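The values are calculated or read from the model by the stated rules, or taken from the named source; none is laboratory data. Values in this document were obtained by computation on a predicted structure and should not be read as measured data. Ideal geometry is used to build each Cβ from the backbone, glycine not excepted, and the neighbour counts take in all protein chains shown.
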Amino acid sequence: MNPILKNILAVILGWVVGSIVNMGLIKAGHTLLPIEGIDPDNMEALVAVMPTLSYEYFIFPFLAHALGTLAGGIVASLVAFNNKMKFALVVGILFLIGGIMVNYMIPGPTWFAVIDIVFAYIPMAYIGGKITERITANQS
């Protein structure tokens, strides 16, 4: 396969797999820790209730963002033809942009936004790239 196409496919697959992991964990969080009287698909209701929520309601969103980015980084790095770490980080940047947008659309506590933006995206994409480096180094 053409290296450029393979690298583009790496980013797309990393984004898709990471998004699936992210949404799965968000749905699991809503199932395990439901917000009483709130439909999790109603953005206006979430925006209204967000300032009243305690920290445990932010565990699954953080895990979703971090593990989704980690999975996406691993997939992008595994699929990429070359510059594997760079493509893992590109996926991390895409998720970071999405995370910033979500923090504006559904504003939560400042402490969560800072922790989420600082630790869930670029560091996890980097770790995903490093995991792939170790996997591929052990195969050779």
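For (1) farther than 30 Å from residue 133 by Cβ; (2) touching a Gly at 6+ places or on another chain (Cβ under 9 Å); (3) in a helix (DSSP H, G or I), each residue gets a yes or a no:
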position	(1), (2), (3)
7	no, no, yes
13	no, yes, yes
34	yes, no, no
45	yes, yes, yes
77	no, yes, yes
85	no, yes, yes
Scope region 123-140; condition of a type in the set (A, V, I, L, M), surrounded by fewer than 18 Cβ atoms within 10 Å (Cβ to Cβ) and modelled with pLDDT of 90 or more; matching residues: 127, 131
Of all residues in region 30-45 being under 14 Å from residue 56 (Cβ atoms) and among the hydrophobic types (A, V, I, L, M, F, W, C), the one that is modelled with the lowest pLDDT: 35
Members of region 8-47 found to be exposed (fewer than 14 other Cβ atoms within 10 Å of the Cβ), within 17 Å of residue 101 (Cα to Cα) and of a type in the set (A, V, I, L, M, F, W, C), listed by number: 23, 43, 47
